1. How many Å² of accessible area per residue for the range 50-104, probe 1.4 Å?
2. Ranked highest first by average number of other Cβ atoms within 10 Å, how do 66-75, 50-59 line up?
3. Using only the Cα atoms of the range 51-146, build the gyration tensor, take square roots of its eigenvalues as a ≥ b ≥ c, and label the shape rounded, prolate or oblate: rounded if a/c is under 1.5, else prolate if a/b is larger than b/c, else oblate.
4. Tally up the carbon and sulfur contribution to the accessible surface of the range 101-157 as a whole percent, 1.4 Å probe, everything protein left in place.
5. Given a Förster distance of 25 angstrom, what is the FRET efficiency for Ala72 paired with Ala121, based on the Cβ-Cβ distance and rounded to 0.05?
6. Just check the range 66-121 against the gyration tensor rule for me: Cα atoms, a ≥ b ≥ c as the square roots of the eigenvalues, rounded for a/c under 1.5, and otherwise prolate or oblate depending on whether a/b exceeds b/c.
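The values are calculated or read from the model by the stated rules, or taken from the named source; none is laboratory data. Keep in mind it's a predicted model, so treat the numbers as computed, not measured. As a convention, Cβ positions derive from the backbone with ideal geometry for all residues, glycine included, and neighbour counts pool all protein chains shown. Accessible surface areas use protein heavy atoms only, side chains included; no ligands, DNA or RNA. Shrake-Rupley method; radii C 1.70, N 1.55, O 1.52, S 1.80 Å.
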Amino acid sequence: MKRQLFAFSLLGSLTACSALQQLGAPIHSGAGGASRPAQSAPPRATGKVDLLLAEANRLADKVKSGELTRTAAADQLAAARLRIAGANAVDNDNFAVYRQLTADRDNGRIDSDAFRAKLEAHLREWMRRWPKYSPKPADPAFTNFLLKLYGLPPLGY
């Protein structure tokens, strides 16, 4: 539960820093870097998902300090996503939606609640489509990263 709250806080920090400051939610665990503490029974995608989470933490700090906009952080997360997990149709689609919603949030077209609702609805649609989707990518790590932030099960497991 604490890990889910932390992860959701991270997504919020990239998309709605002011809302997180009101909640007083932590942005990161303090572990920092790409190293991971040992965990019991991690899911198969833990390595790449955790690397994406570490990068998102790093970028969240830059957003919080005002060094980056949310959209600029999303663009840097895109580069990390491609470096860490590579491209596939599912991740590309989910990143495109994430990026557009982030830009809409930065430009004041939507608020943080609308951002969360729209992204979660899009992720749930992928969860619904996944069983019949073909060809399935071997590891939709970015999508699983977003699903983890929302406390939803990863695709394909």
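1. On the way: 2150 Å² over 55 residues.
Ligands and nucleic acids excluded, the result is 39 Å² per residue.
2. With the highest mean Cβ count within 10 Å placed first, the list reads 50-59, 66-75.
3. Values: a/c = 2.45, a/b = 1.37, b/c = 1.79.
Note, shape of the range 51-146 comes out oblate.
4. Values: 1450 of 2830 Å².
With neighbouring chains kept in place, the figure for the range 101-157 is 51 percent.
5. Numbers: r = 25 Å, r/R0 = 1.01.
Given R0 = 25 Å and the Cβ-Cβ separation, E is 0.50.
6. Working: a/c = 2.89, a/b = 1.34, b/c = 2.16.
It is oblate, given that a/c is not under 1.5 and a/b is not larger than b/c.
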